Amino acid sequence: MNDDTARAMASLTTGIYVLTVDDGAVRHGMSSSWVTQVSGEPPLLMAAIDNSHFSNAMVTRARAFALNIVGARGKQLEDYFYSSQAKRADNLDPFDWELSPILKMPWLKIAMVAIEARVVDQKVAGDHTLFIAEPASVRIGAGERPLTSLDLDYVYVGGKNVIARDRTAW
């Protein structure tokens, strides 16, 4: 990806999420910003996961995941799950969590909203897999503003490409 393309892609604003999964052997979480709603009826969402990421194989096996929406008071979730400290199999131990009621996916208690979702389709798109999923249940937590990519000092644009934000340019 050339520099201009990377800067253009970094201008696409996204929410900040932690995708968690339990495949029966391991419970794992990852920072995830490539998430969006893709249908109203039925309600469907899509999460893109790097094909080489540990979570990709886990979601493929489990056919489910949880999406933990990060609010302003939960920024430490993004700080941790994007860090090298989280690059291990069972990495949820720094945070309180509970299993979701239907699919038994990890919900992070500090998340402002948590959604457990059943994968209904998946499609490889370049170096990521698009997992399309239907919410099975939700937990609404604190009423706060969701964190977005504009709140971070960096933005992930794929692979090892991370763009540092120049906040003075805003």
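The values are calculated or read from the model by the stated rules, or taken from the named source; none is laboratory data. Please read these numbers as outputs of a predicted model, since none were measured by experiment. Reconstructed Cβ throughout: ideal geometry from the backbone, glycine too, with neighbour counts over all protein chains shown.
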### Query
Looking at (1) surrounded by 12 or more Cβ atoms within 10 Å (Cβ to Cβ); (2) touching a residue at least 60 places away in the same chain (Cβ under 8 Å); (3) of a type outside the set (Ser, Thr, Tyr), can you tell me which one Asp90 breaks?
(1)
### Query
Do any strands (runs of 3 or more DSSP E) lying entirely in region 16-129 carry at least 1 residues that are acidic (Asp, Glu) and closer than 24 Å to Leu150 by Cβ, and which ones are they?
44-50
### Query
Could you list, in sequence order, the residues of region 123-151 that are under 22 Å from Thr60 (Cβ atoms), at pLDDT 95 or above and under 16 Å from the mean Cα position of the chain (by Cα)?
Thr129, Leu130, Phe131, Ile132, Ala133, Glu134, Pro135
